[in-house]
Amino acid sequence: MGQIFDTDVFVVGGGPAGLAAAIAARQHGLRVIAADSAQPPIDKACGEGLMPDSLEVLARLGVSLKGCETGAFRGIRFVGPESSVAAEFPRGRGLGIRRILLHQLLVERAQKCDVEMLWGARVSAMREDGVLVNGRKIGCRWIVGADGQNSRVRDWAGLSTGTGRTQRIGLRQHFQLSPWSDYVEIYWGSHGQAYVTPVGRNEICVALISRPKFSSFREGLSEFPELAARVHYAASTTRARGALSISRTLKHVCGGNVALIGEASGSVDAITGEGMALAFRQALALAPALAAGDLSSYAAAHTKINSLPEFMSRSMLLMDRSRWLRSRSLRALSRQPGLFARMLAVHVGELRLKDFGASGLFNLGWQMLVA
Ligand SMILES: Cc1cc2nc3c(=O)[nH]c(=O)nc-3n(C[C@H](O)[C@H](O)[C@H](O)COP(=O)(O)OP(=O)(O)OC[C@H]3O[C@@H](n4cnc5c(N)ncnc54)[C@H](O)[C@@H]3O)c2cc1C
């Protein structure tokens, strides 16, 4: 007779990735317990923007943002010291939503799906057939590591080997201001970027991502004079909160009965605004693999899901590091907004990179030379 487990799937971590994994696994009829050492709703430094494709994936998980306080945006605007360029999404709108509110929605959906949630529950060790939670053993067939950037599950499972680790520092704060633009605005400075997401009718989220550590949010903001002037007199509605933005690709995201998801499974730079969308897509790929009892399809899907955002992340980091490349690219794109629109279409999955192709890259390269 086979071993009897307390649950089919045990999810370590109840952030966006863990909750999405738990919901998707329940959608496939698996019994799920998820644990997080924190209490909900969990806040975290985040740019709080969800692109149209992220909203579609959320909908497949049964999560709707209808009726919630959100801020809509129809595209992205890059703002440099000398030039700016904007493009609309080819289809749909993005939504900005306070991270704490999104977490609450995911928790409610998980509860509705009968995920057993353990809050204030730290997972301290892993065995072949289960985990230790607050010192108590819970037996499970599968362990899903959704425990974020510093994943212990990743270490315990021997999955920490990877490549391309770069690190930047993120800081975010909210301000009481009605959004002045219906784009997410990304301001490019010498040490990093600031991006502004509308998160309500009268509230914006400002996230700073930089290589050096700023001594305060205000100091960081002063790197972007145009933005600093806009928020100078606005009341802040939250205190500044920080988090690391790490870009990392793992060699393997599965081993034995363990699968990693979300930031535990590798991450892209925060500037892509794709972190949560990646986790939601990974969850939809992981659940059928768990149900089928074979993680190999998940490993393949994970590589596919992450490849484009990783490429975008590397390109944005190149622009971040080189003043020459940054000002040339921004000038070239502002002369050719259609090119920027096509790049955005690739970013949100509406145009395949190979269809953007050599002619798009050649055109961009040429515009950069003449800019
Ligand atoms: C500055 C910044 C801006 C960003 N902007 C965006 C954006 O605009 N859009 C976007 O989509 N993404 C954005 N991201 C990325 C996004 O925040 C991450 O992709 C997302 O938080 C990943 O979710 P996660 O569930 O993998 O990890 P986390 O949210 O870190 O969740 C991990 C959870 O695991 C729990 N945990 C850890 N260890 C244990 C343990 N041993 N036992 C129990 N629980 C444990 C923690 O308490 C935590 O709740 C941004 C990131 C940064 C830093």
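Here are the numbers for this structure:
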{"quantity": "Breaking point among (1) in a loop (DSSP other than H, G, I, E, B); (2) open to solvent by 40 Å² or more (accessible area, probe 1.4 Å), for residue 226", "calculated": "(1)"}
{"quantity": "Tally of residues being free of Cβ contacts under 8 Å to residues at least 24 places away in the same chain and within 16 Å of residue 81 (Cβ to Cβ) across region 201-230", "calculated": "4"}
{"quantity": "In region 84-101, the residues that are open to solvent by less than 10 Å² (accessible area, probe 1.4 Å) and either at positive phi or not in a strand (DSSP E or B) (or both)", "calculated": "97"}
{"quantity": "Those residues of region 133-146 which are out of contact with any Leu (no Cβ under 9 Å at 6 or more places or on another chain) and either part of a loop (DSSP other than H, G, I, E, B) or near the ligand (Cβ under 10 Å from one of its atoms) (or both), in sequence order", "calculated": "135"}
{"quantity": "Residue check for residue 242: more than 16 Å from residue 51 (Cβ to Cβ) and either aliphatic (A, V, I, L, M) or more than 14 Å from the ligand (Cβ to nearest atom) (or both)", "calculated": "no"}
{"quantity": "Selection within region 306-320 - modelled with pLDDT of 90 or more and either farther than 23 Å from residue 167 by Cα or surrounded by fewer than 18 Cβ atoms within 10 Å (Cβ to Cβ) (or both)", "calculated": "307"}
{"quantity": "Subset tally (residues that are open to solvent by 40 Å² or more (accessible area, probe 1.4 Å), in a loop (DSSP other than H, G, I, E, B) and of a type outside the set (Gly, Ala, Ser)) for region 37-56", "calculated": "4"}
{"quantity": "So residue 219, is it part of a helix (DSSP H, G or I) and farther than 30 Å from residue 341 by Cα", "calculated": "yes"}
{"quantity": "Meets criteria (over 14 Å from residue 186 (Cα atoms), in contact (Cβ under 8 Å) with a residue 60 or more places away in the chain, in a helix (DSSP H, G or I) and touching a strand residue (DSSP E or B) at 6+ places or on another chain (Cβ under 8 Å)) for residue 326", "calculated": "no"}
{"quantity": "Residue check for residue 296: open to solvent by 10 Å² or more (accessible area, probe 1.4 Å), at pLDDT 90 or above, under 25 Å from the mean Cα position of the chain (by Cα) and among the hydroxyl-bearing types (Ser, Thr, Tyr)", "calculated": "yes"}
{"quantity": "Selected residue [open to solvent by 20 Å² or more (accessible area, probe 1.4 Å), small (Gly, Ala, Ser) and out of contact with any helix residue (DSSP H, G or I) (no Cβ under 6 Å at 6 or more places or on another chain)] from 130, 120", "calculated": "120"}
{"quantity": "Any pair with Cβ under 6 angstrom, 6 or more apart, that starts in region 151-180 at a residue that is within 28 Å of residue 306 (Cα to Cα) and ends at one that is among the charged types (D, E, K, R) and open to solvent by 40 Å² or more (accessible area, probe 1.4 Å)", "calculated": "153/147; 161/251; 162/251; 168/211; 169/213; 172/241"}
{"quantity": "Single unsatisfied condition, residue 200 versus (1) open to solvent by less than 80 Å² (accessible area, probe 1.4 Å); (2) closer than 26 Å to residue 317 by Cβ", "calculated": "(2)"}
{"quantity": "Some residue of region 165-172 being touching a strand residue (DSSP E or B) at 6+ places or on another chain (Cβ under 8 Å) and part of a loop (DSSP other than H, G, I, E, B)", "calculated": "no"}
{"quantity": "Count of residues meeting criterion [part of a helix (DSSP H, G or I) and either farther than 23 Å from residue 84 by Cα or of a type in the set (A, V, I, L, M, F, W, C) (or both)] in region 288-323", "calculated": "25"}
{"quantity": "Only one of 149, 111, 167 that is over 19 Å from residue 197 (Cα atoms), surrounded by 15 or more Cβ atoms within 10 Å (Cβ to Cβ) and of a type in the set (S, T, N, Q)", "calculated": "149"}
{"quantity": "Residue count for region 270-293, restricted to those that are at positive phi and either open to solvent by less than 10 Å² (accessible area, probe 1.4 Å) or within 15 Å of the ligand (Cβ to nearest atom) (or both)", "calculated": "1"}
{"quantity": "Residue within region 262-269 that is free of Cβ contacts under 8 Å to residues at least 12 places away in the same chain, open to solvent by less than 30 Å² (accessible area, probe 1.4 Å) and in a helix (DSSP H, G or I) present", "calculated": "no"}
{"quantity": "Selected residue [assigned to a strand (DSSP E or B) and more than 13 Å from the ligand (Cβ to nearest atom)] from 72, 24, 34, 59", "calculated": "72"}
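The values are calculated or read from the model by the stated rules, or taken from the named source; none is laboratory data. Just so we're clear, the structure is a prediction, and the values are computed from it rather than from any experiment. Note that each Cβ is placed from the backbone with ideal geometry, even for glycine, and that neighbours are counted across all protein chains shown. Ligands, DNA and RNA are stripped out before the accessible areas are found, and what is left, the full protein with its side chains, is counted by its heavy atoms. Shrake-Rupley method; radii C 1.70, N 1.55, O 1.52, S 1.80 Å.
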